[in-house]
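To keep things clear, I will list the structure first and then write my remarks on it.
The values are calculated or read from the model by the stated rules, or taken from the named source; none is laboratory data. This one's a predicted model, so the numbers in the text were calculated from it and none came from an experiment. Quick reminder, even Gly has a Cβ in these numbers, built from the backbone with ideal geometry, and neighbours come from all protein chains shown.
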Amino acid sequence: MATSMSTSKNKEKCLFTRGDHTITVPKTLFRDNRTRLAHRLRETAGVPGEGGFVLLQGGEDVPFNDTDINYEFRQESFFQWCFGVEEPGCFGAIEITTGRSLLFFPRLPAEYEIWCGKLSTLDEFKERYGVDESYYVDEIAQVFTQKNAKLILTLYGQNSDSGLYSKEANFDGIEKFKVNNSILYPEICECRVIKSAEEIKIMRYVTKISSDAHKVVMRSIRPGFTEYQGESIFKHYIYSVGGCRHISYTCICGSGHNASILHYGHAGAPNDKVLKDGDICLFDMGGNYCGYAADITCSFPANGKFTDNQKFIYNAVLGARDAVIEAAKPGVSWTDMHLLANKVMLQYLKQGGLLDGHVDDMIHAGLNEIFQPHGLGHLLGLDVHDVGGYLPDCPKKSDIPGIRKLRTARTLLSGMILTIEPGCYFIDSLLDAALANSDQNKFINSDKLKLFRGFGGVRIEDDVLITDTGVENLTSVPRTVQEIEEWMAHGRENLLLPQEQFKL
Ligand code: GLY
Ligand code: MN
Ligand code: MN
């Protein structure tokens, strides 16, 4: 009796779970997001609420080319943020005065049950997603007419990372209504930037699962492993232990020279090199739970013991990461954090004899972008490069070398979640360009630099919450040289390759 009562209570509250060993995402997380959005539209954007609705269109199934097989479905992120709906082909509306929520589901043929199982009724969907009303998609115009809709806000805006545009809702009969597609985008993006207490809990969870998966990878691999075998261990852990069916981006598992390729692991370079003794590994992988993303990079030696050169570069990046963790808090500019990280790292490289001169002059000459050709980090949430980096009222993107790659230049606010991910890479094309540039080559000890050709790179990437006073680091993996070596030493002498473990 007790069990069935607690189960039905959970069903009432829970929108998403993958079993008792995983976290429960409550319906209230999405209700709260909708309430925050409606409130912001009324109070900040000054939308006259009476008769006003937000309308979002969810993601569609995407087939592989001309086949009847689909890519594994992932919900469109704005729709996910508002409704948490798992199915494709839906629409959702929010009444701006009340925050009242309506979902519209595709009317599926009876044949569907044979291939995909029992069809849910509209009442079942309403109950499952905790919304106020549910209809079929072909009823949208009729419902808006019945409700005397005076204004429908649709979503149209450009993602500042991809340059692509959001999916604007469209339905049969939309021309009968007054539609505005410019108000909603910046307001919903700003709502997504500041995480609620319930969102933070999910972000803590997915970051913890992803941290643990990285730790298992570090303890499991040795020279002789292929890069993708690290990827495979990570994916197995996050799914089997954490219920994360998806990763948040293609796994980057570079070793040796490949560690200098920022987004290695793509289709043309699919993590397929064998790890060599003496290689540095740069593994950047993040799980995804209920749409929420982790994005963590660990850099470590393949054999568990840093060489002196690896220690030198690793500590330069760690110094930069520590300085930012110490300094980041509300009111601080992200551009200043980026420059702080660059300065600390260049100072370490100077102390180690790779560079010479004044660090400020190096930055002035753009040398920071030679060794770290990406920004310090980015907003993180439902998208790994989350929305809100360059909204209309935020500082604009710079075109100055050294800061032009930043994905945001905003002033930090309590409730933001960002990555802090300084890195140091030895990328031949950039090094050659710097050596040929008289403004830059005067700072470089070219003999010492030769030692690092082919070294690869180091990135240290943490996911952090900006609190009222500083940061809470959601990531928890070994970070110092000593911590990594101690962690990796455990059981190292007996490590088997997967092809040895799985012999039939
Ligand atoms: N994993 C992609 C990034 O770090 O931004
Ligand atoms: Mn990142
Ligand atoms: Mn990353």
Can you find a residue that is of a type in the set (S, T, N, Q), within 16 Å of ligand 3 (Cβ to nearest atom) and modelled with pLDDT of 95 or more anywhere in the range 430-452? no
Just to be sure before I move on: is PRO48 over 24 Å from LEU164 (Cβ atoms) and touching a residue at least 12 places away in the same chain (Cβ under 8 Å) in the structure I sent? yes
Show the residue pairs meeting these rules: Cβ distance below 7 Å; 6+ apart or different chains; first residue within the range 97-116 and without any contact (Cβ under 8 Å) to a residue 24 or more places away in the chain; second residue surrounded by fewer than 16 Cβ atoms within 10 Å (Cβ to Cβ). LEU108/LEU119; TYR112/LEU119; GLU113/LEU119
Could you please find all residues in the range 247-291 being within 15 Å of ligand 3 (Cβ to nearest atom), more than 25 Å from ARG492 (Cβ to Cβ) and part of a strand (DSSP E or B)? ILE247, GLY287, ASN288
Exclusive hit being surrounded by 19 or more Cβ atoms within 10 Å (Cβ to Cβ), away from ligand 1 (no atom under 16 Å from the Cβ), over 25 Å from MET285 (Cα atoms) and small (Gly, Ala, Ser), set ALA327, ALA365: ALA365
Anything in the range 412-453 that is away from ligand 1 (no atom under 16 Å from the Cβ), hydroxyl-bearing (Ser, Thr, Tyr) and under 30 Å from ASP393 (Cα atoms)? List them, or say none. SER414
Just give me the residues in the range 12-61 being within 12 Å of GLY99 (Cβ to Cβ) and in a strand (DSSP E or B), in sequence order. GLY52, PHE53, VAL54
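Under the condition of being basic (Lys, Arg) and within 16 Å of LEU349 (Cβ to Cβ), which residue from the range 281-324 is farthest from ligand 1 (Cβ to nearest atom)?
In the first step, residues of the range 281-324 are kept if they are basic (Lys, Arg); the result is 305, 311, 321.
Add one more test, that the residue is within 16 Å of LEU349 (Cβ to Cβ), and what stays is 311, 321.
Numbers: LYS311: 23, ARG321: 13 Å.
The extreme case among them is LYS311.
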Give me the pairs, please: first residue somewhere in the range 385-396 and at positive phi, second residue anywhere and within 16 Å of ligand 3 (Cβ to nearest atom), beta-carbon distance under 9 Å, and either six or more positions apart or on two chains. GLY388/LEU379; GLY388/GLY381; GLY388/THR408
Do you know which residues across the range 197-212 are more than 15 Å from THR419 (Cβ to Cβ) and among the small types (Gly, Ala, Ser)? ALA197
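So that you can scan it fast, the table gives a plain yes or no per residue for (1) assigned to a loop (DSSP other than H, G, I, E, B); (2) at positive phi:
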residue	(1), (2)
VAL131	yes, no
GLU139	no, no
ASN148	yes, yes
ASN170	yes, no
GLU190	no, no
LYS195	yes, no
LYS201	no, no
Given VAL458, VAL477, which one is modelled with pLDDT of 95 or more and either assigned to a loop (DSSP other than H, G, I, E, B) or more than 26 Å from LEU349 (Cα to Cα) (or both)? VAL477
The condition of being of a type in the set (Asp, Glu), away from ligand 2 (no atom under 16 Å from the Cβ) and assigned to a strand (DSSP E or B) holds, among GLU500, GLU486, GLU472, only for GLU472
ASP360 passes all but one of the listed conditions (1) within 16 Å of ligand 3 (Cβ to nearest atom); (2) more than 30 Å from LEU155 (Cα to Cα); the exception is number (1)
Hey, ALA323 among the small types (Gly, Ala, Ser), free of Cβ contacts under 8 Å to residues at least 40 places away in the same chain and in contact with a Gly (Cβ under 9 Å, 6 or more places away or on another chain) or not: no
Subset of the range 300-328 that is among the polar types (S, T, N, Q) and in a loop (DSSP other than H, G, I, E, B) - its residue that is farthest from THR469 (Cα to Cα): ASN303
Would you point out the residue of the range 236-260, among those that are free of Cβ contacts under 8 Å to residues at least 60 places away in the same chain, within 22 Å of GLY224 (Cα to Cα) and within 16 Å of ligand 1 (Cβ to nearest atom), that is surrounded by the most Cβ atoms within 10 Å (Cβ to Cβ)? CYS253
Looking only at the range 171-190, decide whether some residue is among the basic types (Lys, Arg), surrounded by 13 or more Cβ atoms within 10 Å (Cβ to Cβ) and out of contact with any Leu (no Cβ under 7 Å at 6 or more places or on another chain). no
Of the residues in the range 401-455 that are in a strand (DSSP E or B) and in contact with a Lys or Arg (Cβ under 7 Å, 6 or more places away or on another chain), the one that is surrounded by the most Cβ atoms within 10 Å (Cβ to Cβ) is GLY423
Note: among ASP336, ASP308, ASP322, just one is at negative phi and more than 25 Å from the chain's Cα centre (by Cα), namely ASP308
